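Note sheet for the following structure.
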Amino acid sequence: MKLDLKLYRGYVNDEELVVFGHVFKSWAPDKYRLDRKGIRHAVSVIHMFRIKPLENVPVKLKFKNMEVSTKTLADGYFRFTIPYSEKLESGWHPFQVSCELYDYGIVENSELLKPFESKVGVISDIDDTFLVSHSGNFFKKLYILLFKNINKRKVFEDVVPHYQALSKAGQENETASNSFFYVSSSEWNLYEFIDSFARLHKLPKAVIKLKKIKTGISDFLFTGRGSHDHKFEKIKDIIMFYPKLEYVLLGDDSQKDPYLYERIVKIFPQNIKAIYIRQTSKRKKENTQEILKNIESMGVSTCYFANSEKAIAHSENIGII
């Protein structure tokens, strides 16, 4: 019997700690190589979606001098949401989760974030915001996912300097940085790919929040499709968890980001500092322009841009970087 455990980066504030992951009775999606070529890469990607989660399996969290146990949900997902008021320095802290089943045991390590004092937090979409994905074109998107390995996938020009500048904005201390969250309609199956891609291109280290895991080939065909409500909920959770931060939201016009961000501004009228929307086709979209105009009328600065150079200039103009 195989047993595998995948952890994701967690986060903590002055009252609560959140850690999450999955348990599988197959290899976890991150066990498949991301740098194979051609058809071998396609096979790797398909394997990432042919996984078997384990329900109701005990998992144990160790953090500092605390130990807590819970069990996995129906899709193998587990989440520890724990009252936590110990003094903790800002930055990344290691934690450990273990799982024992029959005679098998597995231990994994990850990190959780206690944000540094900062003026801004950054919440960014992934596909077509920093990772070129062609989400608006089903067949093109599928082709790229299957046949372009991690070394062939592209990041938009000037995204990295923009994100790095946002990461350091207002921080005097060398080790301090602003908190980043990457939120996407892609599923947990693609976590390792997204995290490795971000590391490869030196994008800021982030807490990554994705969509419910998929477990079959038919599921795979519809990756990243369907309702974007989960994305709205994830963004809402982050802002409610760190309500003292002002946020910069980054997205694109290929799917629902402008609508989502407008809803967020209406619900958190004092928490959003600026909204950036990348233009993904040759022309600006009228409905996106209208939404951004409405967001501006609520006192939030917006920027609709085709290349990140314009976004950087905007961030400088409004004094974020």
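Would you work out which of 72, 215, 109 lies farthest towards the positive end of the dipole of the chain, given +1 charges on the beta-carbon of Lys and Arg and -1 on that of Asp and Glu, about the Cα centre? Ranked along the dipole, the leading option is 215.
The GluC sites (Glu not before Pro) of the stretch 1-74 that DSSP puts in a loop, and whose beta carbon has at most 10 other beta carbons within 10 Å, are 15.
Which percent of the accessible area of the stretch 96-147 is formed by carbon and sulfur heavy atoms (probe 1.4 angstrom)? Its accessible area is 52 percent carbon and sulfur atoms.
For residue 16 and residue 138, the difference between the fully extended length at 0.36 nm per residue and the C-alpha to C-alpha distance is 39.9 nm. In the chain, the DSSP-assigned H stretches of four residues or longer account for a calculated mean residue ellipticity at 222 nm of -8500 deg cm²/dmol, using -39500 (n - 2.57) per stretch and the full residue count as denominator. Residues whose amide H lies under 5 Å from that of residue 57, counting only those 5 or more places away or on a different chain, are 72; hydrogens are built 1.01 Å from N in the peptide plane.
Residues whose amide H falls under 5 Å from that of residue 250, counting only those 5 or more places apart or on a different chain, are 123, 124, 125, 276, with hydrogens built in the peptide plane.
Between residue 55 and residue 266, full extension at 0.36 nm per residue minus the direct alpha carbon distance yields a gain of 72.2 nm. A straight chain from residue 43 to residue 107 at 0.36 nm per residue would run longer than the Cα-Cα distance by 20.3 nm.
Identify the residues of the stretch 19-62 with backbone N under 19 Å of a label point that sits 7 angstrom from the Cα of residue 218 along the Cα-to-Cβ direction, or state none. Label zone hits: 46-53. For the stretch 221-265 versus the stretch 136-154, the inter-centroid distance based on Cα atoms is 23 Å.
Of the Cα atoms belonging to the stretch 40-186, the radius of gyration and Dmax stand at 19.4, 51 Å.
Roughly how many nanometres apart are two label points built 7 Å out from the Cα toward the Cβ at residue 246 and residue 286? Once both label points are built, they end up 3.4 nm from each other. The ratio of the alpha-carbon radius of gyration of the stretch 15-78 to the globular-protein estimate 2.2 N^0.38 Å is 1.44. For the chain, a simple Cβ point-charge model (Lys and Arg +1, Asp and Glu -1, everything else neutral) yields a dipole of about 1200 debye relative to the Cα centre. Rounded, prolate or oblate: which fits the stretch 210-321 when a ≥ b ≥ c are the square roots of the eigenvalues of the alpha-carbon gyration tensor, with rounded for a/c under 1.5 and prolate only if a/b beats b/c? In terms of gyration-tensor shape, oblate.
What's the FRET efficiency of residue 152 with residue 31 using the Cβ-Cβ distance as r and R₀ = 25 Å, to the nearest 0.05?
Working: r = 21 Å, r/R0 = 0.83.
That pair, residue 152 with residue 31, gives E of 0.75.
When DSSP beta bridges are limited to those with both residues in the chain, what percentage is antiparallel, rounded to the nearest 5? Antiparallel: roughly 60 percent of the beta bridges in the chain.
Could you check the simple spin-label distance between residue 173 and residue 196, using points 7 Å along Cα→Cβ, in nm with one decimal? Label at residue 173, label at residue 196, 3.4 nm between them.
Computed from these coordinates, which is semi-axes √(5λ) of the Cα gyration tensor in Å: (i) 33, 22, 18; (ii) 43, 23, 19; (iii) 31, 25, 17? Evaluating semi-axes √(5λ) of the Cα gyration tensor in Å on these atoms matches (iii).
The values are calculated or read from the model by the stated rules, or taken from the named source; none is laboratory data. Only a predicted model underlies this, so the values are computations on that prediction, with no experimental measurement involved. Cβ coordinates were reconstructed from backbone atoms using ideal geometry, including for glycine residues, and neighbour counts include every protein chain displayed. These area figures cover heavy atoms from the full protein model, side chains too; ligands, DNA and RNA do not enter into them. Shrake-Rupley method; radii C 1.70, N 1.55, O 1.52, S 1.80 Å.
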